[in-house]
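Just so you know, all these numbers are worked out from the coordinates, no wet-lab data involved. Being a predicted model, the structure only gives us computed values, none of them experimental. Positions of Cβ are backbone-derived with ideal geometry, glycine not excepted, and every protein chain shown enters the neighbour counts.
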Amino acid sequence: MHKVIFLLISIICLSGCFEWAARAKDKLPTQTALDKTYNYDGKIIIIGAGASGLAAAKVLEQSNLDYSILEASDRYGGRLKKDTTLADFPIDIGAEWIHSDPIVLNLMKGKKGEDIDEQLLSYRLENTGSWDGQKYKENRPWLNNFVYNFMPESKFKNSTWYDFVDEHLAQYVKHNIKYNQRVTEIDYSDKKIIIKTENNENYVADKVLVTVSLGVLKSNSIKFTPDLNAEMKKAIDAISFDNGFKIVLKFADKFYPDAITCEVESGEKVYYDIAFKKDAQTNVLGVLCRGDEAQKYYDLNSEKKIIDNILLELDEMFDEQASKSFSGEYIFEDWGRHKFTLGTWTQASLEKNSHLKALNQSLDNKVYFAGEIYDQYKQMGVPGAVLSGYYSIDKLITEE
Ligand SMILES: Cc1cc2nc3c(=O)[nH]c(=O)nc-3n(C[C@H](O)[C@H](O)[C@H](O)COP(=O)(O)OP(=O)(O)OC[C@H]3O[C@@H](n4cnc5c(N)ncnc54)[C@H](O)[C@@H]3O)c2cc1C
């Protein structure tokens, strides 16, 4: 019985970002701030050029308002990133699955109606397996169907989440991004807000939208003056934002199934065929790992040892085929230890409403917050981040 439950949980976990997805269409708003026009005289500063910050900026751009985006790194996209070098199709190095109903793509880009322009592939797995650390077992096909029917998800067929956000958001606002501006202090004690960066630049704004990850807020690397209130701090501490990474390995042969869930004590680990349904010739296998399970790999203290360890495990599962077939090429994106991310993802639908409410407060109607964990509609990942950007910027402009 225990094995069956594990199998079910494993299979459920295999779908998308491996957690329950908030897919209900009726949870989505019928319109967003993108559908409105705003008047506002002041200067708005957005901190962070991830999906959420870019979405909020597009609203300001449409209404010709005065705004800038301060981004700590030298690129936009945040936890969205793509690689075009390893395979014959673009690979998502950050967010990859569309957990929500695809209609959300229209909402995100401001298109009316139900026709979806994007070519999507349905993530209905055909061959999956599970690994308990010693024994590899093929799963029964009915389980894959059960999971898909219970929780249908999709992916972009020839494109990526990064491309979607780039085309529909970043292209409209990228001229207003200031790169390499890591914000270290936000002083909202006076009428004007003073924002300080690591390289000693000072910016002045009337309102600020903070879109950094929860990991960055947890690290206390941004000083708020006055300090955040106790409720907010409690919520930031209480919501976990796990360490973790994504690895992509290139092989000569495809010796593995569509996905393999691994039984772990705590955290999560899955192997999955990134080229699944992608019309690709290249064989690329993804490894997504987070939480305590990721820490076990970090403890190896070397990227090479991590890759060797993973190949060893695959060899055990598949009769030494992994090391024979490995091309030596791989990508290792360590989101958990990336200093501008400091974690992988959060999921509003799993958190207490009281914590979410506390996080969503503004600071004296001057400093507002947005990002995946602030999403009112509890969509996961990128849709949540974008919808929260729209929601919070509307609040920021309209609240006195
Ligand atoms: C491995 C992985 C897999 C995922 N898979 C999926 C998936 O399949 N589907 C899905 O929908 N979602 C997925 N997600 C989650 C998704 O990527 C995020 O929900 C979404 O990208 C968050 O966007 P955001 O704008 O809220 O935050 P971020 O993308 O974190 O953007 C914040 C921005 O702020 C910048 N910043 C940080 N600190 C500062 C500072 N001090 N000053 C100025 N700028 C700063 C950062 O550089 C970054 O650009 C995944 C995430 C990871 C890591």
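Exposure proxy shown here: for D41, D364, D66, the number of other Cβ atoms within 10 Å sets the order, fewest to most, as D41, D364, D66. Work through the residues other than K178 whose Cβ is under 13 Å from its Cβ and net out their charges, Lys, Arg +1 and Asp, Glu -1. Residues close to K178 contribute a combined charge of -1. Per-residue packing, averaged as other Cβ atoms within 10 Å, sorts the ranges 45-57, 131-143, 288-300, 385-397 into the order 45-57, 385-397, 288-300, 131-143, beginning with the highest. Computed from backbone phi, the HN-Hα couplings of the stretch 192-197 come to 8, 9, 9, 10, 10, 10 Hz, rounded to whole numbers (Karplus: 6.51 cos²θ - 1.76 cosθ + 1.60, θ = phi - 60°; Gly and Pro given as x). Annotation: for a label point projected 7 angstrom from Cα along Cα→Cβ of K339, residues of the stretch 192-209 with backbone N closer than 18 Å are 196-201. Among L363, N353, S240, whose Cα sits farthest toward the positive end of the charge dipole of the chain (+1 at Cβ of Lys/Arg, -1 at Cβ of Asp/Glu, about the Cα centre)? Looking along the dipole axis, the top candidate is L363. Scalar couplings 3J(HN,Hα) for the stretch 282-298, obtained by applying the Karplus form with A = 6.51, B = -1.76, C = 1.60 to θ = phi - 60°, are 7, 9, 10, 10, x, 10, 10, 9, 8, x, 4, 5, 5, 4, 4, 6, 4 Hz; x denotes Gly and Pro. With contributions of -39500 (n - 2.57) from each DSSP H run of at least four residues, the per-residue ellipticity at 222 nm computed over the chain stands at -8000 deg cm²/dmol.
Each of S219 and E114 was given a label point 7 Å from its Cα along the Cα-to-Cβ line. The distance between the two points is 4.4 nm. Computed extension gain for F332 through K36, at 0.36 nm per residue and net of the alpha carbon distance, reaches 102.5 nm.
Listed by chain and number, the aspartates and glutamates placed with their C-alpha closer than 19 angstrom to that of K111 are D26, D35, E61, D101, D163, D166, E167, D394; residues fewer than eight positions away on the same chain are left out.
Measuring between their Cα centroids, the stretch 281-322 and the stretch 90-122 lie 30 Å from each other. Farthest towards the positive end of the charge dipole of the stretch 269-369, among the residues G343, S325, V287, is the Cα of G343, using unit charges on the Cβ of Lys, Arg, Asp and Glu.
What FRET efficiency comes out for Y172 versus N353 if R0 is 35 angstrom and r is the Cβ-Cβ distance? Round to the nearest 0.05.
In this case the efficiency is close to 0.55.
In this structure, F146 and K192 have a Cβ-Cβ separation that, at R0 = 45 Å, corresponds to a calculated FRET efficiency of about 0.20.
The overall shape of the stretch 189-338 is prolate: from the C-alpha gyration tensor, with semi-axes ordered a ≥ b ≥ c, the ratio a/c is 1.5 or greater and a/b exceeds b/c.
Within the same chain, lysines fewer than 8 places from K357 are excluded, and of the rest, those with a Cα less than 16 Å from its Cα are K233, K234, K378, K395.
Need the full-extension length gain, D279 to D66, defined as separation in residues times 0.36 nm minus the C-alpha distance. One decimal, nm. Show your work: numbers first, answer last.
Numbers: separation 213, 0.36 × 213 = 76.68 nm, distance 4.42 nm.
Contour length minus the Cα-Cα distance gives 72.3 nm.
Shown for the stretch 117-215: lysine pairs separated by 8 or more places, or found on different chains, whose C-alpha atoms are under 24 Å apart, numbering 9.
Summing Cβ point charges (Lys, Arg +1; Asp, Glu -1) relative to the Cα centre of the chain gives a dipole of roughly 600 debye. Of interest is the spacing of the C-alpha centroids, which for the stretch 222-259 and the stretch 367-383 amounts to 14 Å.
Of all lysines in the structure, those lying under 23 Å Cα to Cα from K304, and not within fewer than 8 positions of it along the same chain, are K81, K82, K246, K250, K254, K269, K296, K324, K339. Checking the a/c ratio against 1.5 first, then a/b against b/c, what shape does the Cα gyration tensor give for the stretch 76-169? Judged from the Cα gyration tensor, the stretch 76-169 comes out oblate (a/c at least 1.5, b/c at or above a/b). Length available on full extension from L121 to Y298: 0.36 nm per residue minus the Cα-Cα distance, which gives 60.4 nm. Packing around the peptides 144-153, 237-246, taken as the average count of other Cβ atoms within 10 Å per residue, puts them in this order, highest first: 237-246, 144-153.
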